[in-house]
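The values are calculated or read from the model by the stated rules, or taken from the named source; none is laboratory data. As the structure is a computational prediction, the values presented were derived from the model and not from experiment. Cβ placement follows ideal geometry from the backbone for every residue including glycine, while neighbour counts extend to all protein chains displayed. What goes into the accessible areas is simple: the full protein's heavy atoms, side chains included, and nothing from ligands, DNA or RNA. Shrake-Rupley method; radii C 1.70, N 1.55, O 1.52, S 1.80 Å.
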Amino acid sequence: MKNTKHRIEALDGLRFIAFLMVMFYHYLFIAPLQGSIPRAYAVEAFSFGEYGVDLFFLISGFVITLSSENRTARGFLIARFNRIVPLFIACALIVFLFSVSLPMIDAKERIGSLLYSLSFFPKIFGKEYFSAVYWTITIEVTFYILVALLMSLNLWDKKRLLVCAIWLIISYLNSFIFKNALLSTLLITQYAGHFILGIMLFELRTSSIKPIHMLIMLLSSVLVYNNMVKHQLWIDSFNVHFDHASILFTCFFLIVLVWIGSNISSLGVYYPLVRFLGAMTYPLYLIHADLGFWSHAIFERKWWGKYAFFKEYVGYYTMTIIAILLVFLIAYVLIKYIDPIVQKSLKKFWVSVGLYKSANAKL
């Protein structure tokens, strides 16, 4: 059964919730633990915000499968390029401008890192990511490439269950036995469970439930849980401990949350706002970590010493509020004013070079 609707309204809202989880994890949990701001500002409950990334990947498995429906591999890649690349470049440039305004930052090193990261795969060149959050974009882009390859081989629509089963088996073997870095990179085996679960949730929405669906979902859940536990083991090194049972509950809660969201038919009058917030999620995610660092570094390294007023009245909570307001303002401007112009221009470009039939076509 084909589904011609390319958006599930509630999932836009879930994406925004996932971003809020990650933002508060970075601002008021991991930043204090890693010494970017005083440890006293750490809110241990925000440790679970890291699992917003897991929620992103679960949603992506569903949404990308939906997005691929009734599209060619070329049309799918063009749509993904339009969605990912322009805002990625814009946000990277914004982060660069903010970062070089800080004392003790090497502009030459920053621009070199930026250029390598614009490839989405800087590790191939032996370089680190320009931003700490960019590794997740690499995972996403790898997933898009795998889907497009399967689409071009006519395996994505016809053999999707078989493909997911084989991918799952390979991921199990690599996660627990082989632990091969190249295989992990090429087939994103560490996060395959997330994407496969999203794909299965899409299958459940568009076809009757079969035992194979449930088996694949249960086995995929183990991979997701295993990845979440790895994160907690790292958090344990900061002397912050949570029972693994709570992580298991969180794992299944996130899966059920995506299932519920994918089955909400409409948000009614609230959807325009939810859709806009969902659209803002991508630039918000791309810039929040670096601007969060900038918001306290600019005071600590420059403004506290230069202006006595700031030293007396601007504390770390105020800096966090400044960072939140700043990233939301920038994301709002990008989505409201810049991205629509870019998308319109890109559609005309793809038509002009013969890669798309009409500028009015759905991309």
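Spin-label model, residue 348 to residue 310: label points 7 Å out along the Cα-to-beta-carbon direction sit 4.2 nm apart.
Rounded to the nearest 10 degrees, what's the angle between the helix 211-236 long axis and the longest principal axis of the chain, both from Cα atoms, 0 to 90? Taking Cα atoms only, the helix is inclined about 20 degrees. Ignoring lysines fewer than eight residues from residue 158 along the same chain, the ones with Cα atoms less than 27 angstrom from its Cα are 2, 5, 210, 357, 362. If I compute Rg/Rh (Cα atoms, Kirkwood Rh) from the structure I just sent, which labelled value in (1) 0.94; (2) 1.12; (3) 0.97 lines up? Computed from these coordinates, Rg/Rh (Cα atoms, Kirkwood Rh) corresponds to label (3). Any idea what angle helix 192-206 forms with the longest principal axis of the chain, computed on alpha-carbon atoms, 0 to 90 degrees, nearest 10? Once rounded, the angle reads 50 degrees. When the surface is traced with a 1.4 Å probe over the full set of protein chains, residue 240 keeps roughly 0 Å² accessible.
Taking Cα atoms, how many degrees apart are the long axis of helix 271-298 and the longest axis of the chain, rounded to 10 and kept between 0 and 90? Approximately 40 degrees, to the nearest 10. Sequence neighbours fewer than 8 away in the same chain don't count; with that in mind, list the lysines whose C-alpha is under 19 Å from residue 336. Those lysines meeting the cut-off are 344, 347. Within straight-line reach of residue 230, meaning a Cα separation under 30 Å, sit the following lysines at least 8 residues removed in sequence or on another chain: 123, 127, 179.
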